[in-house]
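Structure first, then comments.
The values are calculated or read from the model by the stated rules, or taken from the named source; none is laboratory data. Model, not experiment: these values are computed from the prediction. Backbone-built Cβ (ideal geometry, glycine too); neighbour counts: all protein chains shown.
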Amino acid sequence: MKKKVWLVVLSIFLLIIVCTVLVSKQKPGDQDFVSWMENMYEITCLDYNCSTFEFTHAEGKEPIVMQTVHGTYSPGTFVMEVDRQYRNLEDSSYYLDIEVNGFLSDFTLEEEIIDGIPKK
């Protein structure tokens, strides 16, 4: 009887470890966030974590560069939380404030304040 109990406990323990490893491999990272930003706002990220990006506001005009002026990044075990405020330092009418949560390979836009930046 003790052997069966140990076998069940060991099986549950191994199942938990396997599930944790599989889910943690699916945790979104910087590259996933960059891809999401580029698809969501039709922009081009200029660095590895998209703290600076550019977009073309109108055909034939110079691209507008946006930079992070304030932000937080919280990588959890299974979740990624990003809160950023982007500004164009030359023209204050262009700004973007976002709060994004990533779980597995899916991102959810929690809050968005946008002006001057076209969205898809």
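Considering only the range 57-74, state which residues are free of Cβ contacts under 8 Å to residues at least 24 places away in the same chain, out of contact with any Ser or Thr (no Cβ under 8 Å at 6 or more places or on another chain) and not in a loop (DSSP other than H, G, I, E, B).
Once the filter is applied, which keeps residues that are free of Cβ contacts under 8 Å to residues at least 24 places away in the same chain, out of contact with any Ser or Thr (no Cβ under 8 Å at 6 or more places or on another chain) and not in a loop (DSSP other than H, G, I, E, B), the range 57-74 yields Val69, His70, Thr72, Ser74.
For the range 58-77, give me the residue count where each residue is out of contact with any Phe, Trp or Tyr (no Cβ under 8 Å at 6 or more places or on another chain) and either closer than 12 Å to Gly102 by Cα or surrounded by 14 or more Cβ atoms within 10 Å (Cβ to Cβ) (or both).
Of the residues in that region, 6 qualify.
Within the range 39-56, is there a residue that is at pLDDT below 90, more than 15 Å from Ile114 (Cα to Cα) and not in a loop (DSSP other than H, G, I, E, B)?
Checked the range 39-56: no residue is at pLDDT below 90, more than 15 Å from Ile114 (Cα to Cα) and not in a loop (DSSP other than H, G, I, E, B).
Restricting to the range 88-112, what's the tally of residues that are crowded, with 19+ Cβ neighbours inside 10 Å, aliphatic (A, V, I, L, M) and closer than 17 Å to Gln31 by Cβ?
Matching residues across the range 88-112 total 1.
Go through the range 23-38 and count every residue that is in contact (Cβ under 8 Å) with a residue 60 or more places away in the chain, surrounded by 15 or more Cβ atoms within 10 Å (Cβ to Cβ) and assigned to a helix (DSSP H, G or I).
Of the residues in that region, 3 qualify.
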